[in-house]
Amino acid sequence: MSYVRIWVHCVWGTKNKALFLTSRNKWEIINHIRENAGRKNIYIDFINGDKEHIHCILSLGADQTLAKCMQLIKGESSRWINKENIVNGRFEWAEEYFAVSVSENDINKVRDYIKNQEEHHRIHTWTEEYNKFLEQYHFEKFPG
């Protein structure tokens, strides 16, 4: 048996930054994402979000790829949100996502950051946070 612990901080938003996650539905969506991920053996350590995006910490297993985990999480949840009419209008996640590794020493700091999303976004917009991720982690922004 292999012993693997790979923490990944993942962030993804709604298509066109639509404000679909409301106080009425956010926790229903988040709980569904967590439950669905568990059924697919994807371990979500911590998850929260704000009006147009989600943050989570995944622990990747020895045989899991980040791309497959994100495909399963985002694809299934958007189908479920539309099928159950959880939001008004057609729901879609944006195609892109952020993912950065997290050291064991920093995991609690990232959990706190995710836990305090509502407070954080009273001060900083999702666009500001998005641009900060691009700059902080030296991601190249693609047109469109």
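Every number in this text was worked out from the coordinates using simple rules, so none of it is lab data. None of the values given here were measured: they were computed from a predicted structure. Here the Cβ is made from the backbone with ideal geometry for all residues, glycine too, and neighbour counts use every protein chain on show.
Using 25 Å as the Cα-Cα cut-off, could you pick out the over-long pairs in 17/40; 51/83; 17/83; 15/109; 17/74; 83/115? Pairs exceeding the cut-off: 17/40; 15/109; 83/115. What's the local net charge at residue 36, with K and R +1, D and E -1, over the other residues with C-beta under 15 Å away? With Lys, Arg at +1 and Asp, Glu at -1, the neighbours total +3. Residue 118: net charge of surrounding residues, Cβ under 11 Å, Lys/Arg +1, Asp/Glu -1, itself excluded? Charge balance in the 11 Å sphere: +2. Kindly identify the stretch 1-77 as rounded, prolate or oblate by the Cα gyration tensor criterion: order the square roots of the eigenvalues as a ≥ b ≥ c, call it rounded if a/c is under 1.5, otherwise compare a/b with b/c, prolate if a/b is larger, else oblate. Cα axes put the stretch 1-77 in the prolate bin. Of all the options 132, 17, 115, the one that moves most in a Gaussian network model of the chain with Cα springs shorter than 10 angstrom is 132.
Restricting the trypsin sites (Lys or Arg not before Pro) of the stretch 35-64 to loop positions (DSSP other than H, G, I, E, B) with no more than 16 neighbouring Cβ atoms within 10 Å leaves 40. Between residue 3 and residue 31, what FRET efficiency follows from the Cβ-Cβ distance if R0 is 22 Å, with the result rounded to 0.05? FRET efficiency, residue 3 to residue 31: 0.15.
With all pairs of separate Cα atoms included, the chain yields a Kirkwood hydrodynamic radius of 15.7 Å. Once each of the chymotrypsin sites (Phe, Trp or Tyr not before Pro) sitting in a DSSP loop with at most 11 other beta-carbon atoms within 10 Å is removed, the chain keeps 4-136 as its longest stretch. Given +1 at the Cβ of Lys and Arg, -1 at the Cβ of Asp and Glu and no other charges, the dipole of the chain around its Cα centre is 400 debye to the nearest 20. Listed from fewest to most Cβ neighbours within 10 Å, the set 100, 11 follows the order 100, 11.
With contacts taken as Cα pairs under 8 Å at a separation of at least 6 residues, the chain carries a relative contact order of 33 percent.
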